[in-house]
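Before any comments, here is the structure.
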Amino acid sequence: MPRLTHEEILHWLREENPAALEQLFARADEVRRAHVGDDIHMRGLIEISSYCVRQCHYCGLRMARSMPRYRMSREEILTAARSAVELGFGTVVLQSGEDFGIEAAWLAEVLRTIKNETPLAITLSLGERLPDELRLWRDAEADRYLLRFETSDPALYAAIHPRRGAAISDRIALLRELRALGYEIGSGVMVGIPGQTYEMLARDIELFESLDLDMVGIGPFLAHPDTPLGAPDVATAGADQVPTSEWMVLKAVALTRLVCPEANLPSTTALATINTLDGREHGLQSGANVFMPILTPAPYRQMYQIYPGKACIDEDATQCNSCLRERIERLGRAVGTGPGGRFTCTASQSLPILRSQPRFSPQKDRPSPLVILP
Ligand code: 5AD
(Lines give C-alpha, C1' and ligand atoms only; values in the text may rest on other atoms or scores of the structure.)
Protein backbone atom coordinates (compact mmCIF):
# COMPACT_ATOMS: atom_id res chain seq x y z
CA MET A 1 0.00 0.00 0.00
CA PRO A 2 1.43 3.41 -0.90
CA ARG A 3 2.34 5.77 1.92
CA LEU A 4 0.32 8.62 0.44
CA THR A 5 -2.60 8.27 -1.94
CA HIS A 6 -2.62 9.92 -5.36
CA GLU A 7 -5.25 12.36 -4.07
CA GLU A 8 -3.16 13.29 -1.03
CA ILE A 9 -0.09 13.96 -3.16
CA LEU A 10 -2.14 16.01 -5.61
CA HIS A 11 -3.73 17.95 -2.79
CA TRP A 12 -0.36 18.93 -1.37
CA LEU A 13 1.12 19.79 -4.75
CA ARG A 14 -1.76 22.23 -5.28
CA GLU A 15 -1.69 23.62 -1.75
CA GLU A 16 -0.68 27.28 -1.61
CA ASN A 17 -1.54 28.25 1.93
CA PRO A 18 1.80 29.05 3.63
CA ALA A 19 0.65 27.86 7.06
CA ALA A 20 -0.47 24.51 5.66
CA LEU A 21 2.75 24.13 3.70
CA GLU A 22 4.80 24.84 6.82
CA GLN A 23 3.11 21.74 8.27
CA LEU A 24 4.06 19.67 5.26
CA PHE A 25 7.69 20.81 5.39
CA ALA A 26 7.87 20.25 9.16
CA ARG A 27 6.48 16.77 8.72
CA ALA A 28 9.01 15.94 6.01
CA ASP A 29 11.75 17.28 8.29
CA GLU A 30 10.60 14.99 11.10
CA VAL A 31 10.48 11.94 8.85
CA ARG A 32 13.95 12.84 7.54
CA ARG A 33 15.35 13.04 11.06
CA ALA A 34 13.71 9.77 12.13
CA HIS A 35 14.97 7.79 9.13
CA VAL A 36 18.28 9.29 8.00
CA GLY A 37 19.26 11.49 10.94
CA ASP A 38 20.73 14.97 11.11
CA ASP A 39 23.87 14.36 9.05
CA ILE A 40 24.23 16.09 5.69
CA HIS A 41 26.29 13.96 3.31
CA MET A 42 28.63 15.74 0.93
CA ARG A 43 28.95 14.30 -2.56
CA GLY A 44 31.71 15.92 -4.59
CA LEU A 45 30.48 16.37 -8.17
CA ILE A 46 33.11 15.86 -10.87
CA GLU A 47 31.71 16.69 -14.31
CA ILE A 48 34.06 14.46 -16.31
CA SER A 49 32.87 15.21 -19.86
CA SER A 50 30.55 17.65 -21.61
CA TYR A 51 30.26 15.59 -24.80
CA CYS A 52 26.79 14.19 -25.40
CA VAL A 53 25.13 12.16 -28.14
CA ARG A 54 21.61 13.10 -27.04
CA GLN A 55 19.35 15.96 -28.08
CA CYS A 56 17.24 16.47 -24.95
CA HIS A 57 15.11 19.55 -25.51
CA TYR A 58 15.99 21.19 -22.21
CA CYS A 59 19.69 20.51 -21.78
CA GLY A 60 22.56 22.86 -22.54
CA LEU A 61 24.84 19.90 -23.34
CA ARG A 62 22.63 18.63 -26.20
CA MET A 63 24.65 17.48 -29.17
CA ALA A 64 23.25 20.04 -31.59
CA ARG A 65 24.87 22.94 -29.72
CA SER A 66 28.15 23.83 -31.25
CA MET A 67 30.40 24.87 -28.42
CA PRO A 68 33.75 23.94 -26.93
CA ARG A 69 33.62 20.55 -25.22
CA TYR A 70 36.01 18.75 -22.88
CA ARG A 71 36.69 15.31 -21.50
CA MET A 72 38.78 15.09 -18.34
CA SER A 73 41.94 12.99 -18.31
CA ARG A 74 42.56 10.12 -15.91
CA GLU A 75 44.96 12.26 -13.87
CA GLU A 76 42.49 15.16 -13.70
CA ILE A 77 39.76 12.84 -12.40
CA LEU A 78 42.10 11.29 -9.82
CA THR A 79 43.26 14.72 -8.66
CA ALA A 80 39.65 15.84 -8.21
CA ALA A 81 38.84 12.63 -6.31
CA ARG A 82 41.82 13.17 -4.00
CA SER A 83 40.61 16.69 -3.31
CA ALA A 84 37.25 15.21 -2.26
CA VAL A 85 39.08 13.18 0.39
CA GLU A 86 40.98 16.27 1.56
CA LEU A 87 37.72 18.18 1.91
CA GLY A 88 36.28 15.38 4.04
CA PHE A 89 33.70 14.16 1.51
CA GLY A 90 32.61 10.52 1.56
CA THR A 91 31.46 10.23 -2.05
CA VAL A 92 32.38 11.44 -5.51
CA VAL A 93 29.81 11.64 -8.27
CA LEU A 94 31.27 11.23 -11.75
CA GLN A 95 28.85 12.88 -14.15
CA SER A 96 28.90 13.55 -17.88
CA GLY A 97 26.79 13.88 -20.98
CA GLU A 98 26.12 10.57 -22.70
CA ASP A 99 29.64 10.27 -24.02
CA PHE A 100 30.73 6.99 -25.60
CA GLY A 101 34.18 8.55 -25.87
CA ILE A 102 34.36 7.62 -22.18
CA GLU A 103 35.42 4.12 -22.95
CA ALA A 104 34.09 1.51 -20.52
CA ALA A 105 37.36 -0.33 -19.78
CA TRP A 106 39.25 2.97 -19.44
CA LEU A 107 36.75 4.25 -16.87
CA ALA A 108 36.75 0.90 -15.02
CA GLU A 109 40.49 1.31 -14.44
CA VAL A 110 39.97 4.85 -13.13
CA LEU A 111 37.24 3.60 -10.76
CA ARG A 112 39.50 0.83 -9.45
CA THR A 113 42.28 3.30 -8.84
CA ILE A 114 39.97 5.59 -6.86
CA LYS A 115 38.76 2.61 -4.86
CA ASN A 116 42.31 1.39 -4.17
CA GLU A 117 43.64 4.78 -3.20
CA THR A 118 40.73 6.31 -1.28
CA PRO A 119 37.83 5.35 1.00
CA LEU A 120 35.39 7.14 -1.34
CA ALA A 121 32.05 5.77 -2.44
CA ILE A 122 31.56 6.30 -6.16
CA THR A 123 28.33 7.37 -7.81
CA LEU A 124 28.08 7.36 -11.59
CA SER A 125 25.78 9.64 -13.58
CA LEU A 126 26.73 8.99 -17.18
CA GLY A 127 23.39 8.60 -18.94
CA GLU A 128 21.94 5.54 -20.65
CA ARG A 129 24.95 3.31 -21.14
CA LEU A 130 24.94 -0.33 -22.27
CA PRO A 131 24.24 -3.16 -19.78
CA ASP A 132 27.74 -4.64 -20.29
CA GLU A 133 29.34 -1.29 -19.53
CA LEU A 134 27.23 -0.84 -16.42
CA ARG A 135 28.25 -4.32 -15.29
CA LEU A 136 31.93 -3.61 -15.90
CA TRP A 137 31.75 -0.46 -13.76
CA ARG A 138 29.87 -2.29 -11.03
CA ASP A 139 32.59 -4.95 -11.09
CA ALA A 140 35.08 -2.09 -10.70
CA GLU A 141 33.19 -1.29 -7.47
CA ALA A 142 31.14 1.72 -8.47
CA ASP A 143 28.52 1.92 -5.71
CA ARG A 144 25.63 3.94 -7.07
CA TYR A 145 24.10 5.13 -10.33
CA LEU A 146 21.99 8.24 -10.92
CA LEU A 147 19.64 8.39 -13.88
CA ARG A 148 16.74 10.80 -13.64
CA PHE A 149 13.64 9.67 -15.53
CA GLU A 150 12.73 13.40 -15.78
CA THR A 151 9.02 12.66 -16.12
CA SER A 152 6.94 9.51 -15.70
CA ASP A 153 4.55 10.65 -18.44
CA PRO A 154 5.41 8.69 -21.61
CA ALA A 155 4.08 11.35 -24.01
CA LEU A 156 5.92 14.23 -22.33
CA TYR A 157 9.06 12.07 -22.08
CA ALA A 158 8.91 11.30 -25.80
CA ALA A 159 8.27 14.95 -26.70
CA ILE A 160 11.44 16.20 -25.01
CA HIS A 161 13.77 13.24 -25.62
CA PRO A 162 14.25 12.67 -29.35
CA ARG A 163 15.12 9.08 -30.11
CA ARG A 164 18.65 8.25 -31.11
CA GLY A 165 18.21 6.14 -34.22
CA ALA A 166 16.15 3.05 -33.49
CA ALA A 167 17.23 2.86 -29.87
CA ILE A 168 14.41 2.86 -27.36
CA SER A 169 14.99 4.96 -24.29
CA ASP A 170 13.49 3.24 -21.26
CA ARG A 171 15.12 4.72 -18.20
CA ILE A 172 12.79 2.96 -15.81
CA ALA A 173 13.79 -0.44 -17.19
CA LEU A 174 17.43 0.64 -16.99
CA LEU A 175 17.03 1.66 -13.35
CA ARG A 176 15.72 -1.82 -12.61
CA GLU A 177 18.73 -3.36 -14.38
CA LEU A 178 21.06 -1.15 -12.39
CA ARG A 179 19.47 -2.33 -9.18
CA ALA A 180 19.78 -5.96 -10.28
CA LEU A 181 23.50 -5.32 -10.87
CA GLY A 182 23.78 -4.28 -7.22
CA TYR A 183 23.99 -0.52 -7.58
CA GLU A 184 22.14 1.78 -5.24
CA ILE A 185 19.90 3.61 -7.67
CA GLY A 186 18.93 7.25 -7.88
CA SER A 187 16.53 9.02 -10.14
CA GLY A 188 14.56 12.23 -10.15
CA VAL A 189 12.73 14.84 -12.14
CA MET A 190 12.72 18.49 -13.06
CA VAL A 191 9.83 20.49 -11.66
CA GLY A 192 8.04 22.74 -14.13
CA ILE A 193 9.03 21.17 -17.46
CA PRO A 194 6.82 22.91 -20.05
CA GLY A 195 3.83 20.58 -20.48
CA GLN A 196 4.19 19.01 -17.00
CA THR A 197 0.87 18.94 -15.13
CA TYR A 198 0.16 18.42 -11.43
CA GLU A 199 -1.19 14.96 -12.24
CA MET A 200 2.09 14.03 -13.90
CA LEU A 201 4.21 15.32 -11.03
CA ALA A 202 2.04 13.38 -8.55
CA ARG A 203 2.67 10.22 -10.61
CA ASP A 204 6.40 10.96 -10.66
CA ILE A 205 6.39 10.97 -6.85
CA GLU A 206 4.37 7.74 -6.78
CA LEU A 207 6.92 6.18 -9.11
CA PHE A 208 9.79 7.18 -6.76
CA GLU A 209 8.03 5.14 -4.11
CA SER A 210 7.21 2.13 -6.25
CA LEU A 211 10.80 1.96 -7.54
CA ASP A 212 11.94 2.15 -3.90
CA LEU A 213 14.69 4.57 -4.94
CA ASP A 214 17.81 4.93 -2.83
CA MET A 215 18.37 8.53 -4.01
CA VAL A 216 16.06 11.11 -5.55
CA GLY A 217 17.21 14.42 -7.07
CA ILE A 218 14.60 17.10 -7.65
CA GLY A 219 15.25 20.57 -9.03
CA PRO A 220 13.42 23.26 -10.94
CA PHE A 221 13.43 23.27 -14.75
CA LEU A 222 15.57 26.24 -15.79
CA ALA A 223 15.15 27.38 -19.39
CA HIS A 224 18.39 27.34 -21.36
CA PRO A 225 18.13 29.89 -24.19
CA ASP A 226 20.02 27.75 -26.73
CA THR A 227 17.62 24.79 -26.49
CA PRO A 228 14.17 24.08 -27.96
CA LEU A 229 12.63 24.70 -24.52
CA GLY A 230 14.67 27.87 -24.12
CA ALA A 231 11.73 30.23 -24.33
CA PRO A 232 8.75 28.39 -22.84
CA ASP A 233 5.55 29.85 -24.19
CA VAL A 234 3.90 31.07 -20.99
CA ALA A 235 0.87 32.33 -22.95
CA THR A 236 -0.03 28.87 -24.20
CA ALA A 237 0.82 27.00 -20.98
CA GLY A 238 -2.21 25.07 -19.73
CA ALA A 239 -3.90 26.02 -16.46
CA ASP A 240 -2.52 22.81 -15.02
CA GLN A 241 1.12 23.64 -15.86
CA VAL A 242 3.38 23.07 -12.86
CA PRO A 243 5.33 26.27 -12.08
CA THR A 244 9.11 26.25 -11.61
CA SER A 245 8.86 28.08 -8.30
CA GLU A 246 10.94 27.34 -5.22
CA TRP A 247 7.84 26.35 -3.29
CA MET A 248 6.82 23.89 -5.94
CA VAL A 249 10.24 22.24 -5.71
CA LEU A 250 10.08 22.16 -1.91
CA LYS A 251 6.62 20.58 -2.01
CA ALA A 252 7.95 17.85 -4.32
CA VAL A 253 11.02 17.27 -2.09
CA ALA A 254 8.88 17.09 1.06
CA LEU A 255 6.38 14.66 -0.47
CA THR A 256 9.26 12.54 -1.75
CA ARG A 257 10.68 12.32 1.78
CA LEU A 258 7.28 11.13 3.01
CA VAL A 259 7.00 8.38 0.40
CA CYS A 260 10.72 7.43 0.39
CA PRO A 261 11.66 7.94 4.06
CA GLU A 262 15.07 6.25 3.82
CA ALA A 263 16.25 7.78 0.56
CA ASN A 264 19.13 10.21 0.21
CA LEU A 265 17.70 13.46 -1.16
CA PRO A 266 19.97 16.30 -2.27
CA SER A 267 19.17 19.93 -1.78
CA THR A 268 20.08 20.60 -5.42
CA THR A 269 22.25 23.24 -7.05
CA ALA A 270 19.29 24.04 -9.33
CA LEU A 271 17.23 24.87 -6.23
CA ALA A 272 20.10 27.09 -5.00
CA THR A 273 20.08 28.75 -8.43
CA ILE A 274 16.47 29.97 -8.11
CA ASN A 275 17.08 31.13 -4.53
CA THR A 276 20.76 31.90 -4.08
CA LEU A 277 20.18 33.34 -0.62
CA ASP A 278 18.76 30.37 1.24
CA GLY A 279 17.38 27.86 -1.26
CA ARG A 280 19.90 25.28 -0.07
CA GLU A 281 18.71 25.61 3.53
CA HIS A 282 15.06 25.43 2.51
CA GLY A 283 15.81 22.12 0.78
CA LEU A 284 17.46 20.77 3.94
CA GLN A 285 14.48 21.89 6.02
CA SER A 286 11.95 20.21 3.71
CA GLY A 287 13.30 16.68 3.72
CA ALA A 288 16.71 16.83 1.99
CA ASN A 289 19.91 15.44 3.59
CA VAL A 290 22.60 15.75 0.91
CA PHE A 291 24.68 18.51 -0.73
CA MET A 292 26.52 18.05 -4.02
CA PRO A 293 29.32 20.64 -4.17
CA ILE A 294 31.05 20.99 -7.55
CA LEU A 295 34.64 19.71 -7.73
CA THR A 296 35.09 20.08 -11.49
CA PRO A 297 38.33 21.96 -12.27
CA ALA A 298 37.75 25.67 -12.95
CA PRO A 299 38.54 25.72 -16.69
CA TYR A 300 35.81 23.17 -17.42
CA ARG A 301 32.97 24.47 -15.30
CA GLN A 302 31.81 27.13 -17.73
CA MET A 303 31.68 24.46 -20.43
CA TYR A 304 29.27 22.30 -18.41
CA GLN A 305 26.26 24.60 -18.55
CA ILE A 306 23.33 22.21 -18.38
CA TYR A 307 21.29 25.31 -17.53
CA PRO A 308 22.38 28.94 -17.26
CA GLY A 309 23.28 30.83 -14.10
CA LYS A 310 24.30 27.77 -12.06
CA ALA A 311 24.81 28.78 -8.41
CA CYS A 312 28.34 28.78 -6.97
CA ILE A 313 30.00 27.97 -10.30
CA ASP A 314 32.76 30.53 -9.67
CA GLU A 315 33.56 29.37 -6.15
CA ASP A 316 36.55 27.11 -5.78
CA ALA A 317 35.98 23.84 -3.96
CA THR A 318 37.53 25.01 -0.67
CA GLN A 319 35.41 28.17 -0.54
CA CYS A 320 32.32 26.21 -1.48
CA ASN A 321 33.01 23.58 1.17
CA SER A 322 33.36 26.12 3.98
CA CYS A 323 30.27 28.04 2.86
CA LEU A 324 28.20 24.84 2.82
CA ARG A 325 29.56 23.70 6.19
CA GLU A 326 28.63 27.06 7.73
CA ARG A 327 25.13 26.76 6.33
CA ILE A 328 24.80 23.24 7.78
CA GLU A 329 26.05 24.36 11.20
CA ARG A 330 23.70 27.35 11.28
CA LEU A 331 20.82 24.90 10.91
CA GLY A 332 22.13 22.89 13.88
CA ARG A 333 22.84 19.92 11.63
CA ALA A 334 26.13 18.03 11.18
CA VAL A 335 28.30 17.14 8.21
CA GLY A 336 28.15 13.41 7.56
CA THR A 337 31.28 11.28 7.42
CA GLY A 338 31.79 8.00 5.61
CA PRO A 339 30.05 6.88 2.44
CA GLY A 340 26.56 7.82 3.59
CA GLY A 341 24.76 5.35 1.35
CA ARG A 342 21.35 3.94 2.09
CA PHE A 343 22.82 0.56 2.95
CA THR A 344 26.29 1.47 4.18
CA CYS A 345 27.14 2.67 7.64
CA THR A 346 28.45 6.14 8.30
CA ALA A 347 31.01 6.78 11.02
CA SER A 348 28.38 8.47 13.16
CA GLN A 349 26.16 5.39 13.17
CA SER A 350 27.18 2.88 15.78
CA LEU A 351 25.75 -0.17 14.02
CA PRO A 352 26.47 -0.87 10.38
CA ILE A 353 23.38 -1.32 8.23
CA LEU A 354 24.41 -3.92 5.70
CA ARG A 355 22.96 -4.47 2.29
CA SER A 356 22.05 -8.04 3.23
CA GLN A 357 19.63 -6.91 5.89
CA PRO A 358 15.99 -6.98 4.86
CA ARG A 359 14.60 -3.77 3.47
CA PHE A 360 12.09 -1.96 5.63
CA SER A 361 8.54 -3.13 5.36
CA PRO A 362 6.31 -0.48 3.82
CA GLN A 363 3.37 -1.45 6.05
CA LYS A 364 5.25 -1.55 9.30
CA ASP A 365 7.22 1.58 8.55
CA ARG A 366 4.41 3.69 7.17
CA PRO A 367 4.51 7.23 8.58
CA SER A 368 1.24 8.13 10.28
CA PRO A 369 -1.04 9.92 7.83
CA LEU A 370 -0.76 13.63 7.28
CA VAL A 371 -3.79 15.63 8.18
CA ILE A 372 -5.21 17.12 5.02
CA LEU A 373 -6.39 20.62 5.75
CA PRO A 374 -9.52 21.92 4.08
N1 5AD B 1 17.08 22.87 -16.04
C2 5AD B 1 17.16 22.16 -14.90
N3 5AD B 1 17.72 20.94 -14.81
C4 5AD B 1 18.22 20.42 -15.95
N5 5AD B 1 18.80 19.24 -16.18
C6 5AD B 1 19.14 19.18 -17.48
N7 5AD B 1 18.79 20.33 -18.10
C8 5AD B 1 18.20 21.11 -17.17
C9 5AD B 1 17.59 22.39 -17.19
N10 5AD B 1 17.53 23.11 -18.31
C11 5AD B 1 18.91 18.19 -15.17
C12 5AD B 1 18.25 16.90 -15.68
C13 5AD B 1 19.40 15.92 -15.72
C14 5AD B 1 20.32 16.48 -14.68
C15 5AD B 1 21.75 16.01 -14.80
O16 5AD B 1 20.26 17.87 -14.90
O17 5AD B 1 17.26 16.49 -14.74
O18 5AD B 1 19.02 14.60 -15.41
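The values are calculated or read from the model by the stated rules, or taken from the named source; none is laboratory data. A quick note: this is a predicted structure, and the numbers were derived from the prediction, not measured. Backbone-built Cβ (ideal geometry, glycine too); neighbour counts: all protein chains shown. These area figures cover heavy atoms from the full protein model, side chains too; ligands, DNA and RNA do not enter into them. Shrake-Rupley method; radii C 1.70, N 1.55, O 1.52, S 1.80 Å.
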Report task. Could you tell me what percent of the accessible area of the chain is made up of carbon and sulfur, with a 1.4 Å probe and every protein chain present? Result -> 56 percent
Requested in this report: Mind putting together the pair-distance distribution for the stretch 104-169? All Cα pairs, 5 Å bins, whole percent per bin, short to long.
Outcome: 4, 15, 22, 18, 13, 12, 9, 5, 2, 0
Query - Extended-chain gain in nm, criterion 0.36 nm per residue less alpha-carbon gap, A223 and C323 - result: 33.3 nm
Report task. For S187, S152, S66, give the ranking by accessible area with the largest first, probe 1.4 Å. Result -> S66, S152, S187
Requested in this report: Ignoring everything but the protein chains, give the 1.4 Å probe accessible area of Y198 in square angstrom, nearest 10.
Outcome: 20 Å²
Query - Kirkwood Rh, Cα atoms: Rg over Rh of the chain - result: 0.93
Query raised in the report: Which percent, to the nearest 5, of DSSP beta bridges fully inside the stretch 6-362 are antiparallel?
Result: 5 percent
Query raised in the report: Using the alpha-carbon centroid of each, what span in Å lies between the stretch 5-66 and the stretch 212-226?
Result: 6 Å
Query raised in the report: When all C-alpha to C-alpha distances in the stretch 57-142 are sorted into bins of 5 Å, what percent of pairs does each bin hold, rounded to whole numbers?
Result: 3, 13, 25, 23, 17, 13, 6, 1
Report summary line: Expressed per residue, the solvent accessible area of the stretch 115-199 in Å² (1.4 Å probe) is about 40 Å²
Query raised in the report: Rg and Dmax of the stretch 71-195 over Cα atoms: what are they, in angstrom?
Result: 15.5, 46
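Arranged from highest to lowest average of other beta-carbon atoms within 10 Å per residue, in what order do the peptides 237-245, 107-115, 166-174 appear?
Packing proxy ranking, top to bottom: 107-115, 237-245, 166-174.
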